[in-house]
Amino acid sequence: MFTSVDDVSARLAEAGYLASPAIATTVFLADRLGKPLLVEGPAGVGKTELAKAVAAVAGAELVRLQCHEGIDESRALYEWNHAKQLLRISAGRDETWDEARTDIFGEEFLLPRPLLTAIRGDARKVLLIDETDKADVEVEGLLLEVLSDFQVTVPELGTVTATQRPFVVLTSNASRELSEALRRRCLFLHIGFPEEELERRIVRLKVPGVEEALAASVVRVVGALRAIDLRKAPSVAETVDWARTLLALGADTLDETVVRETLGVVLKHQDDILKAAAKLELDAV
């Protein structure tokens with residue numbers, strides 16, 4: 001999909017994603033080596049958006065598996081349309097079981113889920129396995145099996161092998177440790193909070209109309225908030241939201257009143273808001 005690291009940076013920027021050199025390099029290597037990309041970091045720093053941007057610039061279909069506690073093989077891989085199968089059996093009451101079984105376990109009754117969808121067909125795809133750390137450990141075994149050979153066996157239909165391997169992105173907020181076996185299968189990328197200059201560029205890109213000075217003040221205050229021991233440090237997404245909020249309010253500077261009245265945009269816990277209001281040195285803004 002990409003010819004060089006610079007090509008990655010340029011094309012992702014066209015899709016509205018400003019990638020650091022480390023991000024661009026790892027995406028290029030994942031594409032060139034054909035390996036899944038495991039992206040780890042705090043919520044709201046652009047892990048999911050990276051997969052979306054790659055799909056956009058590659059002209060690929062984005063197939064998303066949203067992980068959560070309790071997700072199982074039937075939700076990740078495939079399942080049968082049992083209601084439709086029962087209707088088919090009822091309609092053919094004069095058939096033997098062998099005759100009915102041949103029919104009801106066909107493609108018409110198969111419900112492919114994201115993992116199977118991603119490896120079927122010839123179209124280019126990006127497979128996003130989002131918040132992998134929220135899935136149970138058993139699901140990691142399924143992911144290992146699929147990502148090792150990019151093939152899935154459906155006992156009634158046979159083995160489905162990818163004719164074109166998808167570009168795979170797994171994201172994790174590190175709420176639990178992923179297995180070493182899964183990590184070995186992937187290239188690893190950690191996305192943390194960006195440098196001040198890059199975050200300022202992100203704000204200017206995502207919030208057209210915001211003045212450079214205001215964007216710089218927002219990023220500087222957010223940086224100061226992250227330096228405080230908070231329950232949840234503000235993410236890049238919340239920096240952008242704050243800039244949009246200030247633009248909507250018609251504020252052209254960050255004074256003490258504006259900051260105190262809008263802290264709830266970037267901080268989502270009352271104790272964090274109280275701690276931040278007490279510690280922020282607003283005169284330095």
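Things worth noting here:
- Condition met for SER179 (crowded, with 18+ Cβ neighbours inside 10 Å and either modelled with pLDDT of 90 or more or basic (Lys, Arg) (or both)): no
- If you go through the range 254-275 and pick out every residue that is open to solvent by less than 40 Å² (accessible area, probe 1.4 Å) and of a type in the set (Ser, Thr, Tyr), you end up with 1.
- Applying the criterion of being small (Gly, Ala, Ser) and under 23 Å from ILE71 (Cβ atoms) to the residues of the range 142-176, the residue that is surrounded by the most Cβ atoms within 10 Å (Cβ to Cβ) is SER172.
- In this structure, ALA13 does not qualify as aliphatic (A, V, I, L, M), touching a residue at least 24 places away in the same chain (Cβ under 8 Å) and either part of a helix (DSSP H, G or I) or touching a Ser or Thr at 6+ places or on another chain (Cβ under 7 Å) (or both).
- Among the numbered conditions (1) modelled with pLDDT under 95; (2) in contact with a strand residue (DSSP E or B) (Cβ under 7 Å, 6 or more places away or on another chain); (3) open to solvent by 70 Å² or more (accessible area, probe 1.4 Å), the only one that ARG75 does not meet is (2).
- A Cβ distance below 7 Å, combined with a sequence gap of six or more or placement on separate chains, defines the contacts here; from the range 187-214, residues that are under 13 Å from GLY16 (Cα atoms) and β-branched (Val, Ile, Thr) reach residues that are open to solvent by less than 50 Å² (accessible area, probe 1.4 Å) and part of a loop (DSSP other than H, G, I, E, B) in the pairs ILE202/LEU18; ILE202/PRO194; VAL203/VAL210.
- Qualifying residue in the range 190-210 (condition: under 17 Å from the mean Cα position of the chain (by Cα) and either open to solvent by 50 Å² or more (accessible area, probe 1.4 Å) or more than 27 Å from LEU29 (Cβ to Cβ) (or both)): yes
The values are calculated or read from the model by the stated rules, or taken from the named source; none is laboratory data. In this text the structure is predicted, and so the values were computed from the model without any measurement. Positions of Cβ are generated from backbone atoms using ideal geometry, with glycine treated the same way; all protein chains shown enter the neighbour counts. Just so you know, the surface numbers come from the protein's heavy atoms only, side chains and all, with ligands and any DNA or RNA stripped out. Shrake-Rupley method; radii C 1.70, N 1.55, O 1.52, S 1.80 Å.
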